[in-house]
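For reference, the structure discussed in these notes is given below.
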């Protein structure tokens with residue numbers, strides 16, 4: 001069972017059901033990962049998401065990645081990869097990790113791409129969830145695999161390929 005813990009500051013639209021958006025994005029990412037069994041695990045699986053401002057993300061990015069600038073999404077995995085495979089056994093809650101989204105960056109990127117903030121935030125949650133599951137984009141092969149999983153996860157949610165260039 002997937003549990004989602006969300007904290008959103010005042011910059012994020014409080015009329016939106018962020019729990020629904022985050023849960024859908026995380027479940028789609030899990031389904032397209034090498035660990036789809038997490039969705040049906042008897043163990044509770046949890047993702048924590050912080051929806052915050054650019055300054056907070058800039059501070060976290062500087063502290064943990066030594067990049068003193070805001071970014072769209074940060075992921076902080078908390079699970080040993082072996083725990084992702086052993087989900088059919090009862091046990092303590094499996095904390096996948098934390099995802100942090102920057103509102104200003106998310107909005108600016110959505111506008112630049114011509115998509116809704118909701119669709120772009122969904123993409124970023126899918127991306128962040130895949131990072132929590134051990135995926136990365138440090139080289140071309142890893143980036144291609146991660147993008148393909150993102151595209152399939154977003155298609156499950158009715159969101160078009162975000163990497164497709166439209167004219």
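Roughly what angle does helix 140-156 make with the longest principal axis of the chain, taking Cα atoms, 0 to 90 degrees, to the nearest 10?
Tilt relative to the chain: about 90 degrees.
If packing is taken as the mean number of other Cβ atoms within 10 Å per residue, what is the order of 19-32, 58-71, highest first?
19-32, 58-71
Round to the nearest 0.05 the FRET efficiency obtained for residue 37 and residue 9 when R0 = 25 Å and r is the Cβ-Cβ distance.
So, using R0 = 25 Å, E works out to roughly 0.15.
Measure nothing fancy, just the Cα-based angle from helix 54-65's long axis to the longest principal axis of the chain, in degrees from 0 to 90, nearest 10.
Once rounded, the angle reads 50 degrees.
Note down, for segment 87-167, the three equivalent ellipsoid semi-axes (square root of 5 times each alpha carbon gyration tensor eigenvalue), biggest first, whole angstrom.
Sorted largest first and rounded, they come to 25, 16, 13 Å.
Arranged by the count of other C-beta atoms within 10 angstrom, fewest first, what order do 98, 141 take?
Least crowded to most crowded, the residues run 141, 98.
On C-alpha positions alone, give me the angle between the axis of helix 117-132 and the longest principal axis of the chain, in degrees, nearest 10.
In the chain, helix 117-132 runs at an angle near 40 degrees to the longest axis.
Would you mind getting the Kirkwood hydrodynamic radius of segment 123-167 from its Cα pairs, rounded to one decimal in Å?
10.8 Å
Stretched out fully, how many nm does the piece from residue 152 to residue 62 gain, at 0.36 nm a residue minus the Cα gap?
Length gained between residue 152 and residue 62: 29.2 nm.
Treat the count of other C-beta atoms within 10 Å as a stand-in for reagent exposure and order 44, 123 from fewest to most.
In increasing order of surrounding Cβ atoms, one gets 44, 123.
Laboratory data are not the source of any read-out in this text; all were calculated from the coordinates shown. Bear in mind that the values here come from a model prediction, so they are computed numbers and not experimental data. Virtual Cβ from ideal backbone geometry, glycine too; neighbours counted across all protein chains shown.
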